[in-house]
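Peer 1: Sharing a structure, written as structure tokens. Questions coming.
The values are calculated or read from the model by the stated rules, or taken from the named source; none is laboratory data. As the structure is a prediction and not an experimental result, all values here were calculated from the model. Please note: Cβ atoms are built from the backbone with ideal geometry, for glycine as well, and neighbour counts cover all protein chains shown. SASA here: full protein model, heavy atoms, side chains in, ligands and nucleic acids out. Shrake-Rupley method; radii C 1.70, N 1.55, O 1.52, S 1.80 Å.
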Amino acid sequence: MLRYLVRRSFWVVPQIIFVSLIAFIAMSITPGDPVLMMLGPEANADAIEKTRKELGLHLPLYEQYLIFLGNACRGDLGISYMTRRPVIKELCGIFPFTLELAVASFSVAALLGIPLGILSAIKRHSFVDNLIRILSVVWFSIPIFWSGLMLILIFSVYLRWFPSFGAGSFSHLVLPGASLALVSVGMLGRMTRSSVLEVLAEEYVKTARAKGLKEGKVIFKHVLKNAMVSVVTILGLQFSALLGGAVLTESVFARPGLGRFLVDAIFARDYPAIRASIILIATIVILANLLTDLAYFYLDPRIKYS
Amino acid sequence: MFKFRTLALVGILIGLLSIGGVTGWAEQEQPEYGGTLRIALQVEPATFDPNYYRSMVDLLVDRLMFETLVTFDSEVNIVPELATHWERIDDVTWRFWLREGVNFHDGTSFNAEAVRVSLERAFEAPYGYLDKDLFGSVEIESDYIIKIHTQAPYPTLLNDLAICIDAIYSPTALALYKDEVNMHPIGTGPFKFDHYTPKQEVVLVRYDEYWKGAPYLDKVVFLPIPDPTTRILAFEAGDVDVIIDPLPHKVADYEKMDDYRVVKGPNTRIVWLGFNSGTEPFDNKLLRQAVAYAINYEDIVEYVCEGQVRPASGPVPPEVMTKPIETWFTYDPAKARELLKEAGYPNGLKVQIWTGEGRYLKDREIAETIANQLREIGINAEVKVWEWGAYWTAIMNHEQQMYMIGAGYANGSAFGPLKGLFKTGVPYNHGNYSNATVDALIDLAGTILDPVENEEVLLAAQRVLMADAALVPIYNKLGIYVMSAKVHDFEMIPVETIRLDKTWIEQ
């Protein structure tokens, strides 16, 4: 397993560099001039030229990329065009908020979705199953900006239980966490259900029952571990998606976050901020995948990495 | 006996009631010290260094911390602020008397040296508002008297000194913080900078030694809330006290409710339909005029903008002139069709209207409405909606045919924007418009120091622009601030700033 880890880790850095290259190319072919965006509508031609040179935007693309790589290796990801502060500082300030929202909504979604999915599978075709299935689809389909605004309307404006926007305390986390969790619960529930159903149909489950094992033990000892393989894949994808892009939730609830930061940076053509955010998100996704693969190791001894 | 006692009792009762009534009434009108005013913004300020401002939001916030030599009142007249009075000695020399007894938030005295340092910095700033070809130098005559020397006659000097971009900074702060001064905004204004949490809040606190007297509010907090619906919900939940330019249909609702106060006033931003006059087909004046007469302006103001804007008044908002020009274009589809035929398009033509979305109130909706109205006279107009960054680059490259655009007259003068937008070949002439008469008139206005004469020349220039249909003005903005009824004496200035020196909140 250690050998596996080392081998996988070896590829992390090249993957990140590759992603940064694609981001670089994508931004350079996107129409829109960062200097015009930065200096505002009153700037004169001299200021524009001067700023362009200062930022190195007059250099050929490959040179700009090499300069960026060189600086990145030294830990310098550049100064944001929007805020004129080091991007790393910006990201460090923002990431905790994204992390807390991701952890909160992910936990709720997992703690609700997985048991509901299992229940649904065990009681297949019963009223409970049908109810859970319908609710899952409904929750999953509701656009998050609508559910977010509805939650604010009900719980902030009418009931005054929670603040209507912002971040910084637990009560600020409840509504955005709930609206994000709602989407994931539905998806997790459905995935868990179909995964469990698949496993329930396997031969060894029949054998376990034939052996005389109590149903509870059948489920928890034999079925779940195997069903979890597919579910863990989804969990990994969900969590990394939450970390990288809850932009709609962040906008509706006016929370600082990585998603909003990246979208604002794209609109402002803030190249350093865009590159740094994409690198951060890519790193998170790659690490999440790594953890997911390690989880397989634990869940399914048949997966041997030699 | 009985009658006398009753009368006496009634008399005392009436006396008590009226005293109670009088004091109750007085209590309501008496400003109270204390309280925090929470204002929701769409975007947070990008910087607290006015010389390097990025958008009007920066100036809105900075205006509470910084002051200028002169400023605008609510009618966009120039009035004293840090200068008490001034005179123009000759064509290129002005003298300003400065206010004594004023201190910056850090205790530094305000004096001539502070003015010199600040104005020189504003002049050096790449996009500061002091004209690079006209502003010269600041000469210190004494601690509280300065002379400003200009390189040539500078008719809009006072306007450029009034805009918050040319704020007066504490020279101590400039020397101490240098490039980091954007995080240490130290001015002479009624509020001091307390702290800034990125993407969350900007907090200002009362400056007790403000020269006009300490403001009533303890704190002013700016909260960036990007989604317009969330802003409204936060306001109704009581989490913010003031929202700016809310969705138009909500404004009408709030005006009817006693819990809320709507402060509405003219705003010097205007929105118009522009043409690319440099190439076909809109290099044809008759075609431009045809479009101008095909638009139902009243419908746009009443229905699309729900009455929350003012009808257009030409290329320049009325607050900025002493008298606006006459109304030029009206809705006249018959005339529009005539002009279209004269222009050489009896069978109409296919064109595109480009627009951003949400940059100006209802910009996309207006473009779609205009497209419909043009279809009625035979012009097949297609609307293309752009993301702002790409849009700006495209129109600066003159790739458009018709397009929605706006401008703010932030220094209260018609000269700068007219010159910047309509003079041949200037960078922000995105319509690629060229007219020698307009150029000559604008150049002439640049040399006339007498405000009355200057305005006549600019009016003449505006009339040429309208006769030429260089642009089709659509509406003049209203500044709309909705707040809790507990907020009193909130003042807005048409050049998109607010004044909170006398604002107070009922506790």
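Peer 1: Taking the range B:112-166 as the search range and keeping residues that are away from every other protein chain (no Cβ under 14 Å), among the charged types (D, E, K, R) and under 27 Å from B:Gly408 (Cβ atoms), which one is most open to solvent (accessible area, probe 1.4 Å)?
Peer 2: B:Glu120
Peer 1: Which of the residues spanning the range A:77-94 are more than 10 Å from chain B (Cβ to nearest Cβ), assigned to a helix (DSSP H, G or I) and surrounded by 19 or more Cβ atoms within 10 Å (Cβ to Cβ)?
Peer 2: Across the range A:77-94, the qualifying residues are A:Val87, A:Leu91.
Peer 1: Also, quick follow-up: With (1) open to solvent by 40 Å² or more (accessible area, probe 1.4 Å); (2) part of a loop (DSSP other than H, G, I, E, B); (3) closer than 30 Å to A:Val252 by Cβ as the list, and B:Arg38 as the residue in question, which single condition is left unmet?
Peer 2: Result: B:Arg38 passes all but (2).
Here's the yes/no breakdown for (1) touching a residue at least 24 places away in the same chain (Cβ under 8 Å); (2) buried (at least 22 other Cβ atoms within 10 Å of the Cβ); (3) assigned to a loop (DSSP other than H, G, I, E, B):
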position: B:Thr327; (1), (2), (3): no, no, yes
position: B:Tyr331; (1), (2), (3): yes, no, yes
position: B:Ala336; (1), (2), (3): yes, yes, no
position: B:Leu339; (1), (2), (3): yes, yes, no
position: B:Ile353; (1), (2), (3): yes, yes, no
position: B:Glu365; (1), (2), (3): yes, no, no
position: B:Gln373; (1), (2), (3): yes, no, no
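Peer 1: Moving on. B:Arg310 passes all but one of (1) open to solvent by 10 Å² or more (accessible area, probe 1.4 Å); (2) more than 27 Å from B:Ser74 (Cβ to Cβ); which number fails?
Peer 2: The single condition B:Arg310 does not satisfy is (2).
Peer 1: Within the range B:379-395, work out how many residues are open to solvent by less than 10 Å² (accessible area, probe 1.4 Å) and of a type in the set (Ser, Thr, Tyr).
Peer 2: Counting residues in the range B:379-395 that are open to solvent by less than 10 Å² (accessible area, probe 1.4 Å) and of a type in the set (Ser, Thr, Tyr) gives 1.
Peer 1: I would also like to ask the following. Return the pairs, sorted by first residue and then second, in which the second residue is surrounded by 13 or more Cβ atoms within 10 Å (Cβ to Cβ) and in a loop (DSSP other than H, G, I, E, B), the first residue lies in the range A:24-36 and is free of Cβ contacts under 8 Å to residues at least 24 places away in the same chain and within 13 Å of chain B (Cβ to nearest Cβ), the beta carbons are less than 7 Å apart, and the residues are 6+ apart or on different chains.
Peer 2: A:Val35/A:Leu57
Peer 1: Among the residues of the range A:53-66, are any within 14 Å of another protein chain (Cβ to nearest Cβ), surrounded by fewer than 17 Cβ atoms within 10 Å (Cβ to Cβ) and within 21 Å of B:Ala394 (Cα to Cα)? Before the answer, list the steps.
Peer 2: Of the residues in the range A:53-66, the ones within 14 Å of another protein chain (Cβ to nearest Cβ) are A:53-55, A:57.
With the extra rule that they be surrounded by fewer than 17 Cβ atoms within 10 Å (Cβ to Cβ), the set shrinks to A:53-54, A:57.
Filter once more, keeping what is within 21 Å of B:Ala394 (Cα to Cα): A:57.
There is at least one residue in the range A:53-66 that is within 14 Å of another protein chain (Cβ to nearest Cβ), surrounded by fewer than 17 Cβ atoms within 10 Å (Cβ to Cβ) and within 21 Å of B:Ala394 (Cα to Cα).
Peer 1: I need the helices (runs of 4 or more DSSP H) fully contained in the range A:30-73, keeping only those with at least 3 residues that are modelled with pLDDT under 85 and either out of contact with any helix residue (DSSP H, G or I) (no Cβ under 9 Å at 6 or more places or on another chain) or acidic (Asp, Glu) (or both). If you could, list the steps in order and put the result at the bottom.
Peer 2: On the way: elements: A:34-39, A:45-54, A:61-73.
Per the criteria, A:45-54.
Peer 1: Sort out for me the strands (runs of 3 or more DSSP E) sitting completely within the range B:195-292 that have 1 or more residues that are within 14 Å of another protein chain (Cβ to nearest Cβ) and without any contact (Cβ under 8 Å) to a residue 60 or more places away in the chain.
Peer 2: Values: elements: B:201-206, B:219-224, B:242-244, B:260-275.
Counting at least 1 such residues, we get B:201-206.
Peer 1: Return the only residue of A:Ser136, A:Ser194, A:Ser169, A:Ser179 being closer than 30 Å to B:Glu44 by Cα and surrounded by 13 or more Cβ atoms within 10 Å (Cβ to Cβ). Before the answer, list the steps.
Peer 2: Details: A:Ser136 fails: closer than 30 Å to B:Glu44 by Cα; A:Ser194 fails: closer than 30 Å to B:Glu44 by Cα; A:Ser169 fails: surrounded by 13 or more Cβ atoms within 10 Å (Cβ to Cβ).
Within the list A:Ser136, A:Ser194, A:Ser169, A:Ser179, the selection yields A:Ser179.
Peer 1: Related question: Here is a check on your reading of the model: is A:Glu100 acidic (Asp, Glu), more than 11 Å from chain B (Cβ to nearest Cβ) and either within 30 Å of A:Ile266 (Cβ to Cβ) or in contact (Cβ under 8 Å) with a residue 12 or more places away in the chain (or both)? I'd like the intermediate steps shown before the answer.
Peer 2: Numbers: acidic (Asp, Glu): yes; more than 11 Å from chain B (Cβ to nearest Cβ): yes; either within 30 Å of A:Ile266 (Cβ to Cβ) or in contact (Cβ under 8 Å) with a residue 12 or more places away in the chain (or both): yes.
Yes, satisfied.
Peer 1: Restricting the search to the range B:169-194, which residues are of a type in the set (A, V, I, L, M, F, W, C) and in contact (Cβ under 8 Å) with a residue 24 or more places away in the chain? Talk me through it step by step, then tell me what you get.
Peer 2: Taking the range B:169-194 and keeping what is of a type in the set (A, V, I, L, M, F, W, C), we get B:173-176, B:181, B:183, B:186, B:191, B:193.
If the condition is that a residue be of a type in the set (A, V, I, L, M, F, W, C) and in contact (Cβ under 8 Å) with a residue 24 or more places away in the chain, then B:Ala173, B:Leu174, B:Val181, B:Met183, B:Ile186, B:Phe191, B:Phe193 are the ones that fit.
Peer 1: Given the criterion within 13 Å of another protein chain (Cβ to nearest Cβ), assigned to a loop (DSSP other than H, G, I, E, B), among the hydroxyl-bearing types (Ser, Thr, Tyr) and under 30 Å from B:Glu236 (Cβ atoms), identify the matching residue among A:Ser179, A:Ser164, A:Ser171.
Peer 2: Numbers: A:Ser179 fails: assigned to a loop (DSSP other than H, G, I, E, B); A:Ser171 fails: assigned to a loop (DSSP other than H, G, I, E, B).
Of the residues listed, the single one that is within 13 Å of another protein chain (Cβ to nearest Cβ), assigned to a loop (DSSP other than H, G, I, E, B), among the hydroxyl-bearing types (Ser, Thr, Tyr) and under 30 Å from B:Glu236 (Cβ atoms) is A:Ser164.
Peer 1: Could you please give the count of residues in the range B:41-63 that are more than 10 Å from chain A (Cβ to nearest Cβ), assigned to a loop (DSSP other than H, G, I, E, B) and crowded, with 20+ Cβ neighbours inside 10 Å?
Peer 2: 3
Peer 1: Would you please name the residue that is farthest from the other protein chains (Cβ to nearest Cβ), looking only at residues in the range B:352-406 that are of a type in the set (Gly, Ala, Ser) and over 28 Å from the mean Cα position of the chain (by Cα)? Spell out the reasoning first.
Peer 2: Filtering the range B:352-406 for residues of a type in the set (Gly, Ala, Ser) gives B:356, B:358, B:367, B:371, B:378, B:381, B:389-390, B:394, B:406.
Subset that is over 28 Å from the mean Cα position of the chain (by Cα): B:371, B:378, B:381.
Numbers: B:Ala371: 23, B:Gly378: 32, B:Ala381: 23 Å.
Residue satisfying both the conditions and the ranking: B:Gly378.
Peer 1: Right, another one. What is the residue count in the range A:263-287 for residues that are within 14 Å of chain B (Cβ to nearest Cβ), of a type in the set (A, V, I, L, M, F, W, C) and surrounded by fewer than 22 Cβ atoms within 10 Å (Cβ to Cβ)? Before you say what the answer is, go through the steps one by one.
Peer 2: Let us first name the residues in the range A:263-287 that are within 14 Å of chain B (Cβ to nearest Cβ), namely A:263-271, A:273-274, A:277.
Still in the running and of a type in the set (A, V, I, L, M, F, W, C): A:263, A:265-268, A:273-274.
Adding the requirement that they be surrounded by fewer than 22 Cβ atoms within 10 Å (Cβ to Cβ) leaves A:263, A:266-267.
Here the count works out to 3.
Peer 1: Hey, does the range B:173-194 have a residue that's aromatic (Phe, Trp, Tyr) and touching a helix residue (DSSP H, G or I) at 6+ places or on another chain (Cβ under 9 Å)? Talk me through it step by step, then tell me what you get.
Peer 2: Taking the range B:173-194 and keeping what is aromatic (Phe, Trp, Tyr), we get B:177, B:191, B:193.
If we keep only those that are touching a helix residue (DSSP H, G or I) at 6+ places or on another chain (Cβ under 9 Å) as well, we get B:177, B:193.
Taking every residue of the range B:173-194 in turn, at least one turns out to be aromatic (Phe, Trp, Tyr) and touching a helix residue (DSSP H, G or I) at 6+ places or on another chain (Cβ under 9 Å).
Peer 1: Of all residues in the range A:248-262 being at the interface with another protein chain (Cβ under 8 Å from one of its Cβ atoms) and open to solvent by 10 Å² or more (accessible area, probe 1.4 Å), which is nearest to A:Asn71 (Cα to Cα)?
Peer 2: Going through the qualifying residues, I end up with A:Arg260.
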